[in-house]
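Right, one structure below, let's go through it.
Every number in this text was worked out from the coordinates using simple rules, so none of it is lab data. Quick caveat: nothing in here was measured; it's all calculated off a predicted structure. Neighbour counts are summed over all protein chains in view; Cβ atoms, including those assigned to glycine, are modelled from backbone coordinates with ideal geometry.
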Amino acid sequence: MIWVIYFDNSATSYPKPKEVIEATVYALENYGSSGRSFYDLSLKSSRCIYSVREKIAELFHYGFPEQVAFTSNSTEALNIAIKGLFHKGEHVITTVLEHNSVLRPLYEIEKNGVEITIVSADSLGRITPEAIEAEIKENTKGIVCTHVSNLTGYCLDIEKIGKICQENNLYFVLDTSQSAGVLDVDMEKCNITALCFTGHKGLYGPQGTGGIILRKDVPIKVWKSGGTGVQTFSKNQPDSMPVLLEAGTLNVHGIAGLGAGIDYINKKGKDVIYHNADILLRKFYDEIKDIPEITIYGEYSQKERGAVIAINIADEPSGYVSDYLYQEYEICTRSGGHCAPLLHQHFQTEKQGMVRFSFSHQNTMEEIEIAVEALKRYIRE
Amino acid sequence: MRKRLPYLVITFDTTTFAMQMEKIALEAGKKGRLIPLPTQISAGCGLAFCVNGYSEELKGEWQEFCQKNIIKYREICEVWL
């Protein structure tokens, strides 16, 4: 393990738990190709993948593990959902909080005749479910949004949005990239049609893992076709989940690590993971909020939110600040644009970017104090 | 605020080219490091290759180095970091 002060958990969690590393290595040493044969190496692989489907379904409170399809990340899952669920002439609502993994697929389907409405936020980056509901029209087919902003940590009320979807018979596509493993996401309670997750952030799995949970009986366009280990002589991709969305050999080594990541979360307790990071976030916020040179984006009174804080120091380019923090203190942050172009436009930080600190339960109070001192020293010098 | 100094900064269209630059430059014993893409060059994100100091002569050296090693860069410029 490399020693650094790691505040870039919104990009990927680090360090990975040793259980995740061990499970990945074990899979590399002991697993064959899943779903392709009957001998032990292959069956072990299939069993592992099935057990992780069950863990994912349980984590998101959905009773049908076969509806969990693995992808390489949430971007892929979001592409599958957005391009597979909406058609020409239909209307889709999204928000300014979105990552390019939502926006770019939406812009793509917009070119093909899908109408898009982007709901704006208030000056603190907040969006109410009512503001989203107000945009529903006769041809509205769905709402696509993030659970938690990757820039401000602001948390959308997905239970209310899900209720709105239910009342209006709309699809609800949810991006849980910043919340899975940290906040509770209930597929049933929130009436989610397609829940997209990544494995390498709050779920502590390896990069290259993720997936989509597609509600039963929701028709979706096949996004890729190929080998599945079943129905070899059919010219068509099998129409049952998960193989409908899973052509080709799965990344069992990554998925094994992802399963161990979920075990780690369950053992540690999602609440403990959330609260430990939240305490650090609040401490950091309290320490810097009154420094006049520092601008903090978003609002921090929300009780349940992501452990993310994006700042700038006066008009200093965010890259300078981030580079300084790493060169002088080995503090890892992210600077520049954060693949959330509309929120940068909203806060008028397209040029300056933002310095993002994203915490995890693995960080310490001492690390927070070092970061605060580093920012103060940057301003002093 | 922290004092700034002049640097020679090489930018690229993709991170892949930035990684290629770092590998080839360091293998050739040249000094430099990757930094966040300075926002006065371009908004958004990405990596740039940064060398201490700046002069037209130094710029010429790096242009020649990139050409010789077929490194596809976007721009070589002076930035105060």
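Counting pairs of Cα atoms in the protein assembly as shown, how many percent are more than 29 Å apart? If you can, show how the numbers build up before the last one.
On the way: 56083 of 106491 pairs.
In whole percent, the share of Cα-Cα pairs in the protein assembly as shown beyond 29 Å is 53.
Could you give the alpha-carbon Rg of the stretch A:122-207 over 2.2 N^0.38 Å, rounded to two decimals?
Working: Rg = 13.2 Å, N = 86, 2.2 N^0.38 = 12.0 Å.
With N residues counted in the stretch A:122-207, Rg over 2.2 N^0.38 Å equals 1.11.
Pull up the cross-link candidates among the lysines for residue A:351, meaning alpha carbon to alpha carbon under 24 Å and not fewer than 8 places away within one chain.
A:289, A:376, B:3
Can you put A:223, A:3, B:62, B:80 in order, fewest other beta carbons within 10 Å first? Show your work: numbers first, answer last.
Working: A:223 16, A:3 7, B:62 20, B:80 13.
Neighbour counts put them in this order, fewest first: A:3, B:80, A:223, B:62.
HN-Hα J couplings of the stretch B:17-32 from phi, Karplus 6.51/-1.76/1.60, θ = phi - 60°, integer Hz, Gly and Pro as x?
Values, residue by residue: 5, 5, 5, 5, 4, 4, 4, 5, 5, 5, 5, 8, x, 7, 9, x Hz.
Quickly estimate the mean residue ellipticity at 222 nm for chain B, helices only: each DSSP H run with n ≥ 4 gives -39500 (n - 2.57), and the total goes over all residues, rounded to 500.
Numbers: 2 runs with 26 residues, N = 81.
Calculated mean residue ellipticity at 222 nm is -10000 deg cm²/dmol.
Which whole-Hz ³J(HN,Hα) couplings does the stretch B:2-13 yield from phi under the Karplus relation 6.51 cos²θ - 1.76 cosθ + 1.60, θ = phi - 60°, glycine and proline marked x?
4, 5, 9, 10, x, 9, 8, 10, 10, 10, 9, 7
Return the long-range amide H neighbours of residue A:119 (sequence gap of 5 or more, or a different chain), with a cut-off of under 5 Å between placed amide H atoms.
When sequence neighbours closer than 5 places are left aside, the close amide H contacts are A:94, A:95, A:96.
Which Cα, out of A:237, A:359, A:23, lies furthest along the positive dipole direction of the protein assembly as shown (beta carbon charges, K/R +1, D/E -1)?
Sorting the options by dipole projection puts first A:237.
So, in Å, what gap is there between the alpha-carbon centers of the stretch A:310-331 and the stretch A:27-79?
If you average the Cα positions of each part, the centres end up 40 Å apart.
Cα gyration tensor of chain B, axes a ≥ b ≥ c as square roots of the eigenvalues: rounded (a/c below 1.5), prolate (a/b > b/c) or oblate?
The shape class here is oblate.
When only DSSP loop residues count, what trypsin sites (Lys or Arg not before Pro) in the stretch A:189-241 have their Cβ near at most 14 other Cβ atoms within 10 Å? Before the final figure, lay out each step's value.
Numbers: sites: A:189, A:201, A:215, A:216, A:221, A:224, A:235; in loops: A:189, A:201, A:215, A:216, A:221, A:224, A:235.
Answer in residue order: A:189, A:216, A:221, A:224, A:235.
Under a Cβ-Cβ cut-off of 12 Å, what is the net charge of the residues other than residue A:71 that fall near it, where Lys and Arg count +1 and Asp and Glu count -1?
Working: positive: A:224; negative: A:76, A:246.
Summing Lys/Arg as +1 and Asp/Glu as -1 gives -1.
Give me the base-10 log of I(q)/I(0) for the stretch A:269-380 at each q in 0.16, 0.19, 0.21 Å⁻¹, Debye formula, one uniform scatterer per Cα, rounded to two decimals.
-0.72, -1.02, -1.23
Just tell me which lysines come within less than 22 Å, Cα to Cα, of residue B:72; anything on the same chain fewer than 8 places away is out.
B:23, B:30, B:31, B:59
Placing +1 on the Cβ of each Lys and Arg and -1 on the Cβ of each Asp and Glu in the protein assembly as shown, which of A:146, B:5, A:50 has its Cα farthest towards the positive end of the resulting dipole?
A:50
Would you list A:318, A:46, A:37 from fewest to most Cβ contacts within 10 Å? Present the calculation step by step, with values, prior to reporting the outcome.
Working: A:318 27, A:46 20, A:37 14.
If I rank by nearby Cβ atoms, fewest first, I get A:37, A:46, A:318.
Test of understanding: in a Gaussian network model of chain A with alpha carbons linked when under 10 Å, which of A:64, A:38, A:359 would top the mean-square fluctuation ranking?
A:38
Pull up the cross-link candidates among the lysines for residue A:18, meaning alpha carbon to alpha carbon under 23 Å and not fewer than 8 places away within one chain.
A:44, A:55, A:201, A:267, A:268, A:270
With 10 angstrom as the radius, rank A:196, A:155 by how many other C-beta atoms surround their C-beta, starting from the fewest.
Working: A:196 31, A:155 19.
Lowest count first: A:155, A:196.
Find, among the trypsin sites (Lys or Arg not before Pro) in chain B, those assigned to loop by DSSP (not H, G, I, E, B) with at most 10 other beta-carbon atoms within 10 angstrom. Mind dumping the intermediate values first?
Numbers: sites: B:2, B:3, B:4, B:23, B:30, B:31, B:33, B:59, B:68, B:72, B:74; in loops: B:2, B:3, B:4, B:30, B:31, B:72, B:74.
Listed in order of number, the matching sites are B:3, B:31.
Given contacts defined as C-alpha pairs under 8 Å and at least six residues apart, what's the relative contact order of chain A, whole-number percent?
Values: 781 pairs, mean separation 87.6, N = 381.
Reported as a whole number, the value is 23 percent.
Quickly rank A:166-175, A:24-33, A:274-283 as a protection proxy: mean count of other C-beta atoms within 10 Å, highest first.
Working: A:166-175: 20.1, A:24-33: 16.0, A:274-283: 18.4.
Descending packing order for the listed peptides: A:166-175, A:274-283, A:24-33.
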